[in-house]
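Novice: Structure provided below as structure tokens; questions to follow.
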Amino acid sequence: MSRSNTAHSYGAVAKTFHWLTALLIITLIALGIIANGMAYDTSEQLALKAWLFSMHKTLGVTMFFVALARIGWALSQPKPNGLHPERRAESWLAETIHWLLYGSLVLVPLTGWIHHASTTGFAPIWWPFGQNLPFVAKSEGTADLFAGLHIIFERVLAASILLHVAGALKHHFIDKDATLRRMWFGASNAPETTGNHNAVLPIASAFVAWAAALMIGTAIGVFDHADGQDRAALEDVASDWTVTSGEIAITIDQFGSTVTGSFEDWTASIIYNPTTGMGSTEVTIAVGSLTLGSVTSQALGPDFFDTATFPTAVFTADLAPIVDGNMATGTLLIRDKTVPIEMPFNLSTTDDVTTMRAEIKLNRLDFDIGKNMADESSLKFPVKVQITLTATQN
């Protein structure tokens, strides 16, 4: 059997690419379904879920390069003519599905890869490359966009595969021709064929199909970001100081990877005398406004912050000067746990704008966060909190 194609048959390289692609697709679909459906109530379950997702992502990157190589080989080879060129509609549909398959085999892993590169945490790719991609910044917006595109294109791929398989079975069992046999190894006894391929119309049809899929996906809310749906609506608070900007960021360690996120919505009531350094503060955080890379949904769930039951966290403290800085002494309420807190912080003032910076480490188990993961094999106990805000005195 020749390595290369002829006008009447596929060569060994094309056949190998075809069946390797089929094997990868079946494996990737199975891994994706199993991993998505798995619970992660314990450290062991989370570790297995992460392993399955890492396998899925690693094979997905492999699929991307296999698809590029397959397309490159196909473009360099003659494409065997169809066995029934007189069936124009059938030939057009078959060619359209082939283009949908080729395009989706690139688009599905590529969008998944970009989604992975634009977020942090949970299930690394095992290749010694690919955790980050050029021109792809860490961004929740980018991650949401490409997660939606990944879903849409994988649906197009699945539909294309079903139609492709249905067509092959129709040729084999109904038409009883050699269409399927000539893609298998060995002699197919396929007859010589004539005719020319018209790629323009099938390619155009494939683009129409992708555009339709994108419109349908948008209409049914594939791009809607569900995280934060339990976000509490915070009321305005009275304060002697007006916060002009700020960030409350947290950093966790999951499976040895650093994952950083922040709370978008919070209010701060501040009473502070810059002359004496004395004062008080109450900070209320809408916990559902947290973004934490690829583990955001997990963090907001019932085993962690449980925003459906405990939508806010509250830090109340007295402020006083200490040697080389200031100290906020008070309590932090997360879930239904109130923990005493001493948080040193620094202040600097430029042009009547005061900047406050603080950093503290908390133990997640003190607040029953992830208490089902009572060891550090998957999620470390310490959580670093970094606070930066600028404010002006009223």
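Novice: Once you order the gyration tensor axes a ≥ b ≥ c over the Cα atoms, which shape class does the chain get: rounded for a/c under 1.5, otherwise prolate or oblate by comparing a/b with b/c?
Specialist: Values: a/c = 3.39, a/b = 2.85, b/c = 1.19.
Here the chain falls in the prolate category.
Novice: Name the longest site-free stretch of the chain, where the excluded sites are trypsin sites (Lys or Arg not before Pro) in a DSSP loop with no more than 13 other beta-carbon atoms within 10 Å. Could you put the intermediate results ahead of the total?
Specialist: Details: sites that count: ARG3, ARG87, LYS138, LYS176, LYS371.
That would be 177-370.
Novice: Further question: Could you tell me which chymotrypsin sites (Phe, Trp or Tyr not before Pro) in the range 106-141 are loop residues by DSSP with no more than 16 other beta carbons within 10 angstrom of their beta carbon?
Specialist: Numbers: sites: TRP113, PHE122, TRP126, PHE129, PHE135; in loops: PHE122, TRP126, PHE129, PHE135.
Answer by residue number: TRP126, PHE129, PHE135.
Novice: For the chain, what is the mean residue ellipticity at 222 nm derived from helices alone (per DSSP H run of n ≥ 4: -39500 (n - 2.57); sum divided by total residues; nearest 500 deg cm²/dmol)?
Specialist: Numbers: 6 runs with 146 residues, N = 394.
Value at 222 nm, helices only, nearest 500: -13000 deg cm²/dmol.
Novice: Dipole size in debye (nearest 20) for the range 12-219 around its Cα centre, Lys and Arg Cβ +1, Asp and Glu Cβ -1?
Specialist: On the way: 13 positive and 11 negative charges, 76 e Å.
Computed charge dipole of the range 12-219: roughly 360 debye.
Novice: Given contacts defined as C-alpha pairs under 8 Å and at least six residues apart, what's the relative contact order of the chain, whole-number percent?
Specialist: Details: 694 pairs, mean separation 56.2, N = 394.
Averaging sequence separation for qualifying contacts and normalising by length gives 14 percent for the chain.
Novice: To continue, here is another question. Of the listed pairs LYS79/LYS170; LYS15/LYS176; LYS57/LYS176; LYS49/LYS371; LYS79/LYS176, which have alpha-carbon separations greater than 30 Å here? Mind showing how you got there, number by number?
Specialist: Working: LYS79/LYS170 21 Å; LYS15/LYS176 20 Å; LYS57/LYS176 39 Å; LYS49/LYS371 18 Å; LYS79/LYS176 21 Å.
In this structure, LYS57/LYS176 lie more than 30 Å apart at Cα.
Novice: Same structure, new question: Placing unit charges on C-beta atoms (Lys and Arg positive, Asp and Glu negative, everything else neutral), compute the dipole magnitude of the range 241-393 about its Cα centre in debye, rounded to 20.
Specialist: On the way: 8 positive and 18 negative charges, 35 e Å.
In debye, rounded to 20, the range 241-393 gives about 160.
Novice: Same structure again: In debye, nearest 20, what is the charge dipole magnitude of the chain about its Cα centre with +1 on Lys and Arg Cβ and -1 on Asp and Glu Cβ, if you could check? Intermediate values should be presented prior to the final figure.
Specialist: On the way: 23 positive and 35 negative charges, 534 e Å.
In debye, rounded to 20, the chain gives about 2560.
Novice: Further question on the same structure: Given Cα pairs under 8 Å that are at least 6 residues apart, what percent is the relative contact order of the range 12-219?
Specialist: Values: 206 pairs, mean separation 48.9, N = 208.
Normalised by residue count, the contact order of the range 12-219 is 24 percent.
Novice: Find which of LEU332, THR275, GLN298 sits farthest along the positive direction of the dipole of the range 241-393, computed with +1 on the beta-carbon of Lys and Arg, -1 on that of Asp and Glu, about the Cα centre.
Specialist: Result: GLN298, furthest along the dipole toward the positive end.
Novice: Among VAL156, ALA74, HIS115, whose Cα lies farthest out toward the positive end of the dipole of the range 12-219, if unit charges sit on the beta carbon of Lys, Arg (+1) and Asp, Glu (-1)?
Specialist: After comparing all options, I get ALA74.
Novice: Also, quick follow-up: Please return the longest stretch of the chain lacking exposed loop sites, where GluC sites (Glu not before Pro) count only if DSSP places them in a loop and at most 13 other Cβ atoms lie within 10 Å.
Specialist: On the way: sites that count: GLU86, GLU192, GLU235, GLU376.
Segment 236-375 is the longest.
Quick note: the coordinates plus some simple rules give every number you see, no bench work behind them. Keep in mind the model is a prediction, meaning the values are calculated, not measured. Reconstructed Cβ throughout: ideal geometry from the backbone, glycine too, with neighbour counts over all protein chains shown.
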